[in-house]
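For reference, the structure is listed below as structure tokens.
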Amino acid sequence: FGITTGFEITGGVDAVPQITWSMDARKSSDTTFTTGIALPTVSYASNLKWSVYCNDTWSDMEGSAAKIAGQVYGFTWALSPLVMPQYYLDGRDDLDFSTVEPQTRQVDLTMQVVYNTGASDFVEEQMGKKDASTKQFISLDLTGGAFQAPAASYNRSIKLRGSFIHAADSMEEIGGDRDGNSIVSMHLVSQYDPTEGGDIEIQVQNNVASFP
């Protein structure tokens, strides 16, 4: 068997959407393949369908005033390993890991944001939040194609939601020029929120009834 130890999702105007994950596995063995397993139909969504929301409470994370429009160029959302293989001197003939152990998870969120004091206020606002060590509740939403009838009013979607604080290196440097705008890199890390009782949440809405 194999385990996914962590994964990363990237979205931006200069690249295709992508997900990358790392895995560790036990020694492979020959087996009879199970027949009749069909892969689900893939539904594509453009990077430009991502939306960014930020607010001061989890419950109002995607409120009407929370959407950050015209300021975010791209992001990387990376989940640290949840489970790690452990290798011990156990005399294993297969020369693979002996067991797995849970790890404390953390999400690193980096965003490339325009810094133009004449047209935006997100960077200035977040500089104050960083100085005050104020938690921010951020949701990255990707909207895909609509379902077929009778659910045509709903869309396939992904929501990466969580409670974050700014890391020490967040917004420390102003980057290069882009179409007359300076670019700032925000770096946030997830932090447990006692009101919500969690740190992150991943919501996926699709038409897959079960895993293959």
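The values are calculated or read from the model by the stated rules, or taken from the named source; none is laboratory data. As the structure is a prediction and not an experimental result, all values here were calculated from the model. Backbone-built Cβ (ideal geometry, glycine too); neighbour counts: all protein chains shown. Heavy atoms of the whole protein, side chains included, go into the accessibility calculation; ligands, DNA and RNA do not. Shrake-Rupley method; radii C 1.70, N 1.55, O 1.52, S 1.80 Å.
For W77, the requirement of being in a loop (DSSP other than H, G, I, E, B), among the aromatic types (F, W, Y) and open to solvent by less than 80 Å² (accessible area, probe 1.4 Å) is not met. Of the residues in the range 35-56, not one is without any contact (Cβ under 8 Å) to a residue 12 or more places away in the chain, closer than 21 Å to V107 by Cα and surrounded by fewer than 17 Cβ atoms within 10 Å (Cβ to Cβ).
Scanning the range 97-118 for residues that are open to solvent by 20 Å² or more (accessible area, probe 1.4 Å) and touching a residue at least 60 places away in the same chain (Cβ under 8 Å) turns up V100, R105, Q106, D108, T110, Q112, Y115, N116. Has the range 84-96 got any residue that is among the polar types (S, T, N, Q), within 13 Å of the chain's Cα centre (by Cα) and either at pLDDT 85 or above or assigned to a strand (DSSP E or B) (or both)? No; the residues of the range 84-96 include none that is among the polar types (S, T, N, Q), within 13 Å of the chain's Cα centre (by Cα) and either at pLDDT 85 or above or assigned to a strand (DSSP E or B) (or both).
Set side by side, the residues S170, S182, S210 differ, and just one is more than 24 Å from S46 (Cα to Cα), in a loop (DSSP other than H, G, I, E, B), modelled with pLDDT under 90 and among the hydroxyl-bearing types (S, T, Y), which is S210. The single condition among (1) at positive phi; (2) open to solvent by 80 Å² or more (accessible area, probe 1.4 Å) that N207 does not satisfy is (1).
Taking the criterion of being out of contact with any Ser or Thr (no Cβ under 7 Å at 6 or more places or on another chain) and either of a type in the set (S, T, Y) or open to solvent by less than 90 Å² (accessible area, probe 1.4 Å) (or both), the residues of the range 172-182 that qualify are G176, R178, G180, N181, S182. The selection criterion, being within 15 Å of the chain's Cα centre (by Cα) and open to solvent by 80 Å² or more (accessible area, probe 1.4 Å), holds for W21.
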